[in-house]
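As structure tokens, the structure follows; a few thoughts come after it.
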Amino acid sequence: GGDRDAPVLESIQALDAALASGGAPLTLHGLHGDDCTERSFLPFARPLAPGEGHRMAPVGGRPSNGAFPFFNVESGGQGVVVAIGWSGQWAASVERDGAGRARLRAGMERTRRVLRPGESIRTPRILLMPWTGDRLASHNRFRRLMLFQHVPKRDGKPVAMPVFWQNYDRYRGHPVWPTEAGQAGAAKAAAACGATFLWLDAAWF
């Protein structure tokens with residue numbers, strides 16, 4: 001709202017919070033992002049002792065490339081599910097000091113900019129869902145929270161989004177794949193699985 005440039009904005013953290021873990025054991029639960037390997041989207045559990053930390057960030061500005069923006073921090077039979085709402089490059093970390101106190105941070109990985117008069121930006125949206133009791137039950141509570149509170153609705157019901165079948169043959173080089181017959185076969189397979197669209201991925205060619 002001023003009439004001159006703002007000071008340089010940098011190292012903005014949409015989330016910067018202390019976690020009341022004390023000296024109790026702390027475990028970070030999350031998913032590996034997609035890195036085109038057999039571990040893509042597999043879960044991991046990372047215990048963090050006092051003095052340890054863990055940092056997560058995707059690769060190349062794609063929000064689930066190598067890291068995943070939903071995770072769960074568990075300590076002493078309770079915890080918090082964290083969701084980072086950002087379609088670009090984010091970063092998050094859980095750090096414990098020598099006394100076991102935990103600090104949780106998340107936001108854009110690299111921010112350094114000036115705002116001109118009249119300009120505005122927003123930072124990543126952060127969703128925190130605290131829980132106690134069973135950790136797997138907390139995951140189901142989080143799914144319900146997303147479905148009932150955040151999924152777009154029409155006439156009070158969740159909008160049914162189209163299902164895409166990605167059609168890609170980078171690794172096998174099957175000779176039929178780039179032919180009309182090959183793509184017709186892929187379309188039939190996609191339809192049999194309930195897909196709405198067939199997506200032909202030409203792999204940057």
### Message
Going through R122, R103 one at a time, which residue ends up being out of contact with any helix residue (DSSP H, G or I) (no Cβ under 6 Å at 6 or more places or on another chain) and in contact (Cβ under 8 Å) with a residue 60 or more places away in the chain?
### Response
R103
### Task
Being touching a Gly at 6+ places or on another chain (Cβ under 7 Å) and part of a loop (DSSP other than H, G, I, E, B) is the filter here, so list the residues in segment 53-73 that pass it.
P58, V59, G61, P63, S64, N65, G66
### Task
Test G79 against the criterion of being surrounded by 12 or more Cβ atoms within 10 Å (Cβ to Cβ) and touching a strand residue (DSSP E or B) at 6+ places or on another chain (Cβ under 7 Å), and give yes or no.
yes
### Among the residues listed as W177, W199, the single one being open to solvent by 80 Å² or more (accessible area, probe 1.4 Å), more than 30 Å from G76 (Cβ to Cβ) and without any contact (Cβ under 8 Å) to a residue 60 or more places away in the chain
W199
### Task
Might you check whether a residue that is loosely packed, with under 15 Cβ neighbours inside 10 Å and within 30 Å of R116 (Cα to Cα) occurs anywhere in segment 44-52?
no
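Per-residue answers, yes or no, for (1) out of contact with any Leu (no Cβ under 6 Å at 6 or more places or on another chain); (2) among the hydrophobic types (A, V, I, L, M, F, W, C):
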position: H32; (1), (2): no, no
position: M56; (1), (2): yes, yes
position: P63; (1), (2): yes, no
position: E74; (1), (2): yes, no
position: A83; (1), (2): no, yes
position: S93; (1), (2): yes, no
position: R96; (1), (2): no, no
### Filter pass, A137 being small (G, A, S), farther than 30 Å from L28 by Cβ, without any contact (Cβ under 8 Å) to a residue 24 or more places away in the chain and not in a loop (DSSP other than H, G, I, E, B)
no
### Task
Scan segment 131-158 residue by residue and report those that are basic (K, R) and either open to solvent by less than 70 Å² (accessible area, probe 1.4 Å) or within 18 Å of I84 (Cβ to Cβ) (or both).
R135, R143
### Task
Kindly list the number of the only condition in (1) of a type in the set (A, V, I, L, M); (2) modelled with pLDDT under 95; (3) open to solvent by 70 Å² or more (accessible area, probe 1.4 Å) that fails for L128.
(2)
### Summary
The number of residues in segment 1-31 that are open to solvent by 80 Å² or more (accessible area, probe 1.4 Å), within 14 Å of S93 (Cα to Cα) and modelled with pLDDT under 90 is 1
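The values are calculated or read from the model by the stated rules, or taken from the named source; none is laboratory data. Note that the coordinates shown come from a computational prediction; the quantities given were computed from them, not determined experimentally. Cβ atoms come from the backbone with ideal geometry, glycine included; neighbour counts cover every protein chain shown. To get the accessible areas, we keep the full protein, side chains included, count just its heavy atoms, and leave off ligands, DNA and RNA. Shrake-Rupley method; radii C 1.70, N 1.55, O 1.52, S 1.80 Å.
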